[in-house]
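The values are calculated or read from the model by the stated rules, or taken from the named source; none is laboratory data. Note that the structure is a prediction, hence the values are computed from the model and not measured. A quick note on method: Cβ atoms are made from the backbone with ideal geometry, for glycine too, and the neighbour counts reach across all protein chains shown.
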Amino acid sequence: MTDYFVVFGNFLVALPTYLLNGVLATVYWLGESGAALVSMLCAGLIIRFVDNRIQSRAAFRPGRSGRDATSSDLYTAQITTAIILLMWVISQWGMGAPVPWLGTAMWIAGALIVLTIRMQEHTLLWNVKSGIAIYSLAVLGSRLYLAYTAQLSAQQWAALIGTSKSAAAVIANTRGNVTTIILWALWLVIPLGYFAMLLQQVLINPVSLVNPLAGASELINRYRTRR
């Protein structure tokens with residue numbers, strides 16, 4: 001009986017350590033996966049509130065000759081968002097900062113804009129998706145290039161260039177220059193281009209002074225029915 005009390009006492013003494021380790025492990029996991037989780041949340045919001053509305057509007061067919069209005073069961077918009085999300089999660093997985101969080105910022109900005117802006121909603125949503133898809137492909141392409149060039153030996157380069165001495169110089173210059181270009185593109189050029197495109201799309205049309213959040217169809221309907 002005494003042994004049981006000793007074991008139980010040791011367990012109680014070690015319990016805070018176990019709990020702290022569990023909390024730290026959770027925090028570390030969230031830190032590593034936080035960008036992907038936030039991106040998934042934004043994609044879920046887009047699928048639920050924007051894709052669903054746009055897909056229903058695109059597939060709607062008004063009734064004629066006494067027939068009821070119908071709508072298609074296609075989920076093209078939702079599937080497109082899911083595919084782009086999968087591309088992004090795969091491309092950024094294991095990538096060092098700040099690339100995962102830059103892509104997450106693109107998801108957040110895109111989700112906020114398509115959820116609040118109704119003017120040219122279909123075009124705006126497509127630009128958001130295509131911008132993130134381009135960034136995902138750029139990240140994936142840069143990783144494949146760097147992984148491939150890292151496997152090439154000086155002898156393999158020399159077979160293309162001529163001598164091992166020239167190959168060593170070319171390897172150093174090429175990897176350094178290309179890596180710099182890749183970093184500039186992933187860290188600055190593509191994200192800034194994306195945000196500039198979103199800003200231009202938001203400001204392309206004047207805001208309605210009556211209902212700033214109204215969409216084009218709502219404004220047209222208001223103009224037709226006002227007296």
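Identify all residues within region 194-211 that are at pLDDT 55 or above and surrounded by fewer than 14 Cβ atoms within 10 Å (Cβ to Cβ); write none if there are none. Across region 194-211, the qualifying residues are 196, 199, 200, 203, 204, 205, 206, 207, 211.
Between 179, 116, 163, the distinction of being in contact with a Leu (Cβ under 9 Å, 6 or more places away or on another chain), of a type in the set (Ser, Thr, Tyr), exposed (fewer than 14 other Cβ atoms within 10 Å of the Cβ) and modelled with pLDDT under 95 belongs to 116 only. Selection of first residues in region 108-120 that are at negative phi and of second residues that are modelled with pLDDT of 90 or more and charged (D, E, K, R), restricted to Cβ pairs under 8 Å at least 6 apart or on distinct chains, gives the following pairs, ordered by first then second residue: 110/129.
Contact map, region 178-199: residues that are closer than 16 Å to residue 140 by Cα paired with residues that are assigned to a helix (DSSP H, G or I) and aromatic (Phe, Trp, Tyr), Cβ distance under 7 Å, separation 6+ or inter-chain. Pairs shown: 190/135.
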